[in-house]
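A quick write-up on the structure given underneath.
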Amino acid sequence: MKPKVTIVDTTLRDGEQTAGVVFANKEKIRIAKYLDELGVHQIEAGIPVMGGDEKEVIQEIVQSGLKASIMGWNRAVIADVKQSLECGVDAVAISISTSDIHIKYKLKSTREEVLDKMVRAAEFAKSHNVYVSVNAEDASRSDMDFLIQFAKAAKKAGADRLRFCDTVGMLTPFTTYEKIKRIVEEVGIDIEMHMHNDFGLATANTLAGIKAGATHAGVTVLGLGERAGNAALEEVVMALKYLEGIDLNFKTDIFREVSEYVAQAAGRQLPSWKAIVGTNMFAHESGIHADGVLKNPVAYEAFTPEEVGLTRQIIIGKHSGTSAIKSKFAEYGIVISDEEAKDLLPRVRAAAVELKRSLFDKELVFIYEKYKKEKSA
Ligand code: MN
């Protein structure tokens, strides 16, 4: 049996941490409900030690009766963890850097001190019976021997999993696989992949980690997150299902709706070419593709549009062929002959080039009417 993967969504923490993004309290609650409805197993709801609205809204999410586990994010500081516990979360993330770059330049500390702080915070959290993820920030640039030592110490302190952070997005699927495999073999602890997308590899690296034995995938809606973002929830869930045969039984038909909501709340565009949920996923213009899809969608679609809440569109434009033109008229109950379609094709192309875009249905009808008039003249 294939292992089930646990999905940890951090749209409300890492997603909101993105430069220029702030969610209103009611938006955070709506997003948490959407994530729960989708089937997300654990929601990282925010950073309790920030206090104020942040802490209040986390408490509200905890009290809203969701099925998902609710996690609070903390530095490896007992006072931070206390704030999380006050919110009533059932899970805490305890974060500290493990790379020498971060230890030396950011923390101005030592490996020994890092281990000590992490162990004390993890033991404190465990003594309050919450689920503990120990986060190795900048794990991907850490000395592997030290990272192994860190993971072993976390496990001994009672941590339930290690969050492996590719903080600067520097991994490839090949290096990811090797590093994760080594931790799995030498430490034997659950591992969450927390991958950033600086080189466009966040989803690929997440899958590589899972292949190597990681048990959890850390994601955000639309990949919202610092700089180029994180691995995208919708990409990881659909790739697991269709490329790896791991069906998590998510309510994927609301992916588009949830994505639109998060994009709007974040003040971000939802590009038409966004993988999985962009409107262009099921838009076909080129003659060969449209003809293929009209015969059987499986020819040019990886899954059905309904599955993610989108609709199929046949676009009439410069690259259209006769079968698409015929089918577009058929949508309006107008049957046109092969010969008419052939005659219309150069007119459609000329119009599309002139306008530098595809045509609206009305424009197509206008071209058709003009053609009929000329023919009968
Ligand atoms: Mn991050």
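The values are calculated or read from the model by the stated rules, or taken from the named source; none is laboratory data. Small disclaimer: the values here were computed from a predicted structure and weren't measured. Methodologically, a virtual Cβ is constructed for each residue, glycine included, from the backbone with ideal geometry; neighbour enumeration extends over all protein chains shown. Heavy atoms of the whole protein, side chains included, go into the accessibility calculation; ligands, DNA and RNA do not. Shrake-Rupley method; radii C 1.70, N 1.55, O 1.52, S 1.80 Å.
Tell me what the chain gives for mean residue ellipticity at 222 nm when only DSSP H runs of n ≥ 4 count, each as -39,500 (n - 2.57), the sum divided by the residue total, rounded to 500 deg cm²/dmol.
Details: 13 runs with 165 residues, N = 377.
That calculation yields -14000 deg cm²/dmol at 222 nm.
Which trypsin sites (Lys or Arg not before Pro) does segment 222-267 hold that lie in a coil by DSSP with at most 14 other beta carbons within 10 Å?
Working: sites: ARG227, LYS241, LYS251, ARG256; in loops: ARG227, LYS251.
Hits after loop and neighbour filter: ARG227, LYS251.
What's the magnitude of the charge dipole for segment 279-376 around its Cα centre, counting Lys and Arg as +1 and Asp and Glu as -1 at the beta-carbon? Answer in Debye, nearest 20. Don't skip to the answer; put the middle values down first.
Working: 15 positive and 15 negative charges, 78 e Å.
In total the dipole reaches around 380 debye.
PRE reach from SER127 (point 7 Å along Cα→Cβ): which of segment 150-181 fall under 18 Å by backbone N?
Zone members listed by number: 154-160.
Expressed in nm to one decimal, what extension gain is obtained for the pair ASP361 and GLU374 from 0.36 nm per residue of sequence separation less their Cα-Cα distance? Write down the numbers at each step before the final one.
Values: separation 13, 0.36 × 13 = 4.68 nm, distance 2.02 nm.
That works out to 2.7 nm of additional length.
Each residue of segment 215-229 in turn: what ³J(HN,Hα) in whole Hz from Karplus with 6.51, -1.76, 1.60 and θ = phi - 60°, glycine and Pro shown as x?
Running phi through 6.51 cos²θ - 1.76 cosθ + 1.60 with θ = phi - 60° gives 9, 10, 10, x, 9, 9, 4, 6, x, 4, x, 3, 6, 7, x Hz.
Label-point separation (nm) for PHE174 and ARG312, each offset 7 Å from Cα along Cα-to-Cβ?
According to this spin-label approximation, the distance is 3.9 nm.
Given H placed 1.01 Å from N in the peptide plane, which residues other than close sequence neighbours of HIS196 have an amide H under 5 Å from its amide H?
For HIS196, whose amide H was placed from the backbone, the distant partners under 5 Å are ASP166, GLY169.
Relative contact order, percent, of the chain when contacts are C-alpha pairs under 8 Å separated by at least 6 residues? Numbers along the way, then the final one.
Working: 712 pairs, mean separation 48.0, N = 377.
Computed value for the chain: 13 percent relative contact order.
For the chain, what percent of Cα pairs sit more than 40 Å apart? Could you put the intermediate results ahead of the total?
Values: 19484 of 70876 pairs.
Counting pairs separated by more than 40 Å, the tail of P(r) holds 27 percent.
Which FRET efficiency value, to the nearest 0.05, is calculated for ASP90 and GLU257 with the Förster distance at 35 angstrom and r the Cβ-Cβ distance? Mind dumping the intermediate values first?
On the way: r = 27 Å, r/R0 = 0.78.
It comes to 0.80.
I'd like to know which of GLY15, GLN63, LEU171 lies farthest towards the positive end of the charge dipole of the chain, counting +1 on Cβ of Lys and Arg and -1 on Cβ of Asp and Glu.
LEU171
For the pair PHE303 and ALA228, how long in nm is the line joining their label points, each one 7 Å along Cα→Cβ?
About 2.4 nm, to one decimal.
Given a 10 angstrom Cα cut-off, can you work out which residue in GLN17, GLN59, GLN269 is the most mobile in a GNM of the chain?
Among GLN17, GLN59, GLN269, the largest mean-square fluctuation in the Gaussian network model of the chain belongs to GLN269.
Calculated FRET efficiency, GLU186 and ASN25, Cβ-Cβ r, R0 41 Å, to nearest 0.05?
Calculated transfer efficiency: 0.40.
Leaving out ligands and nucleic acids, and using a 1.4 Å probe, what accessible area per residue does segment 6-266 come to in Å²? Mind showing how you got there, number by number?
Details: 10050 Å² over 261 residues.
Normalised by residue count, the accessible surface of segment 6-266 is 39 Å².
For the chain, with only Lys/Arg (+1) and Asp/Glu (-1) charged at the beta-carbon, what is the dipole magnitude about the Cα centre, in debye rounded to 20? Kindly include the intermediate steps, with their values, before the conclusion.
Details: 49 positive and 54 negative charges, 94 e Å.
The dipole magnitude comes to about 460 debye.
So what's the gap between the Cα centers of segment 298-362 and segment 68-95, to the nearest angstrom?
Computed from Cα coordinates, the inter-centre distance equals 53 Å.
Could you list, in their original order, any pairs among LYS326/LYS356; LYS106/LYS211; LYS104/LYS152 whose Cα atoms are separated by more than 30 Å?
Working: LYS326/LYS356 22 Å; LYS106/LYS211 32 Å; LYS104/LYS152 22 Å.
Correct reply: LYS106/LYS211.
For segment 279-376, which whole percent of the accessible surface, found with a 1.4 angstrom probe, sits on carbon and sulfur atoms? Please list the in-between numbers first.
Working: 3350 of 5910 Å².
Percent of accessible area from carbon and sulfur atoms in segment 279-376: 57.
Could you work out, for segment 279-376, what percent of all Cα-Cα pairs fall into each 10 Å distance bin, beginning at 0 Å and stopping at the bin that holds the largest distance?
Here the calculated profile for segment 279-376 is 16, 48, 28, 7, 1.
Return the whole-Å distance between the Cα centroid of segment 263-290 and the Cα centroid of segment 1-67.
26 Å
If a paramagnetic tag sat 7 Å from the Cα of ASN249 along the Cα-Cβ line, which residues of segment 13-47 would have the backbone N under 15 Å from that point?
37-41
For the charge dipole of the chain, defined by +1 on Lys and Arg C-beta atoms and -1 on Asp and Glu C-beta atoms about the Cα centroid, which residue among SER140, GLN313, PHE303 has the Cα displaced farthest towards the positive pole?
Going by the charge dipole, the pick is GLN313.
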